Amino acid sequence: MADSTNDTSPAPVMLSPEEVVKELRGLRVRLSLPQPAAVPVSPRRRLANVDQHFVAAAINAVGVSDVVQTALGRTDEDLRQETDAVIRWTAVIDELRSLLREILQANTQRRQRVGLAALQTYKICEQLARDETHATRLAAHIGEMKKLNKFGRSRRKAPQPDAQPAP
């Protein structure tokens, strides 16, 4: 068992958001995506959900009949390879979903940290504005923050027009 304290491998290089986008676009170009089935959209959705036991039985039927292969234009081996590809690409989908969840969580945490810093800034500026030295420089900024602040103040209800009873 390797001792992790003596691990001398360099830390991975952290990517910027722009570099991640560039990498993802490069990946997209390199993917071999199949052409959609020549079937209207509504039945196409159902085709992706055919029972896998039925699919396996159909592939077996293709394998025993040259006539079926000719009519279908595909061999049983071709269908088995595509079925295998479906399973392998499912792992890619799972990893991408996991990565997306992690990126969403990380960005939410960033927004929370920035929001906290903004609210703290507002309170600090209010405190500093009590001193004349800072009041003149901060007054306009405090006014703008006060106007935009959704926290710490209640919203006034819009005045409702007098309701007159219907005749």
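The values are calculated or read from the model by the stated rules, or taken from the named source; none is laboratory data. The model shown is predicted, which means the values in this text are computed figures rather than measured ones. Backbone-built Cβ (ideal geometry, glycine too); neighbour counts: all protein chains shown.
Is there a residue in region 69-84 that is in contact with a Ser or Thr (Cβ under 8 Å, 6 or more places away or on another chain), surrounded by 10 or more Cβ atoms within 10 Å (Cβ to Cβ) and at negative phi?
yes
Enumerate the pairs (first residue in region 40-66 and under 18 Å from GLU82 (Cα atoms) and in contact (Cβ under 8 Å) with a residue 24 or more places away in the chain; second residue anywhere and acidic (Asp, Glu) and surrounded by 11 or more Cβ atoms within 10 Å (Cβ to Cβ)) with beta-carbon separation below 8 Å, excluding pairs fewer than 6 apart on the same chain, so at least 6 apart or on different chains.
Listed pairs, sorted by first residue: ILE59/ASP76.
Confirm whether ALA118 is loosely packed, with under 10 Cβ neighbours inside 10 Å, modelled with pLDDT of 90 or more and not β-branched (Val, Ile, Thr).
Values: loosely packed, with under 10 Cβ neighbours inside 10 Å: no; modelled with pLDDT of 90 or more: yes; not β-branched (Val, Ile, Thr): yes.
No, not satisfied.
I'd like to verify a number: residues in region 136-151 that are surrounded by fewer than 13 Cβ atoms within 10 Å (Cβ to Cβ) and in a helix (DSSP H, G or I), how many?
Residues in region 136-151 being surrounded by fewer than 13 Cβ atoms within 10 Å (Cβ to Cβ) and in a helix (DSSP H, G or I): 8 in total.
Look through PRO36, PRO17 and report the one residue that is exposed (fewer than 10 other Cβ atoms within 10 Å of the Cβ) and modelled with pLDDT under 90. First the steps, then the outcome.
Values: PRO17 fails: modelled with pLDDT under 90.
PRO36 is the lone residue from the list that is exposed (fewer than 10 other Cβ atoms within 10 Å of the Cβ) and modelled with pLDDT under 90.
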